[in-house]
Structures are given as C-alpha cells and as structure tokens.
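Novice: One structure coming up, written as structure tokens, with questions to follow.
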Amino acid sequence: MSRSVPSRHGKSRNNHPYTVDGRAYLVSVSPADLDEEDNVRLRVTFRAEFGARSVCLVRGLTNRAYWQDHSEFEKYNATVISITPQIVCGLIRLAHQAGWDPEASKSNFEFLADRDVVRALAKSTL
C-alpha cells in the first residue's frame, strides 16, 4: 500500500517573518514527501530580506508522522522532532556558520541538517 503525506488542501505555503540577530528573514516549513523508511521529508527554506535576498534550502531534515506511527507511540515519541521558532533561529545561525552569505551572494545555498542537529539545538536552548 502506498502512503502519502496529507496535502495542504490547496492552501499556499506561508512564509513567516523571523528576526535573527537583528536581520529579517522569511521562513517556510512544510512536508515534502515520504522517504524509503516512511519518514516525512521536510522542506525548510530561509530567505534573507536584506542584501542580495538569497535563499537557504535546508536539506536532510525528516520527521515522523503521528498518523503513521499511532499504533507504536514509543517509536514515534523517540524519533519525532519539533521545529520551533528557537530551532529555526538556530538553523539560520548554523547556515551562516556553514557559509551562507546573503549579503554577498544571490545564489541559493544548501545547508545539510538532520534530526541530531535539531535535537542538539533543542538541548542548547533549554
């Protein structure tokens, strides 16, 4: 049986404004598709609202979906991540450390992150 990610029912993906270290960004987080292990791939993008207004694409983030794992709650609870505003701000800072420079480059930048990166950011904000 083929599984799919629930659609957004025609609603546009909203960009949400964030300010990180005094700089403005638009952030979008949405589900993309399922990988081979039934993890939901996340589509995360940051667009700088300053400089050349370049975009950072976060690759590698996956999550579990409750509707897939509801019968195995312990498995779900052990693997799920939350993309909170603090996590988004941390990911933007990490992308800058990895070389994203919206001041100087118009090119899109790809930043690789996984669940462990998100968990480390979550622990550092406690």
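Novice: For the subset of region 98-110 comprising residues that are open to solvent by less than 50 Å² (accessible area, probe 1.4 Å) and either modelled with pLDDT under 90 or more than 16 Å from L26 (Cβ to Cβ) (or both), which member is nearest to the chain's Cα centre (by Cα)?
Specialist: G99
Novice: Which numbered condition in (1) under 17 Å from N15 (Cβ atoms); (2) modelled with pLDDT under 75 is the only one that H70 fails?
Specialist: Answer for H70: the failing condition is (1).
Novice: Residue pairs, Cβ under 6 Å, 6 or more apart or interchain, first in region 15-32 and within 16 Å of I83 (Cα to Cα), second part of a loop (DSSP other than H, G, I, E, B). List them.
Specialist: L26/N15; S28/R13; S28/N15; V29/I83; S30/R13; P31/V5
Novice: Kindly indicate whether A95 is over 16 Å from N15 (Cα atoms) and either at pLDDT below 95 or assigned to a loop (DSSP other than H, G, I, E, B) (or both).
Specialist: Considered against the rule, which asks whether it is over 16 Å from N15 (Cα atoms) and either at pLDDT below 95 or assigned to a loop (DSSP other than H, G, I, E, B) (or both), A95 comes out as no.
The values are calculated or read from the model by the stated rules, or taken from the named source; none is laboratory data. Keep in mind that what you see is a predicted model, and the values were worked out from it rather than measured. Here Cβ is always computed from backbone atoms with ideal geometry, including for glycine, and neighbour counts include all displayed protein chains. These accessible areas exclude ligands, DNA and RNA; they are computed on the full protein's heavy atoms, side chains included. Shrake-Rupley method; radii C 1.70, N 1.55, O 1.52, S 1.80 Å.
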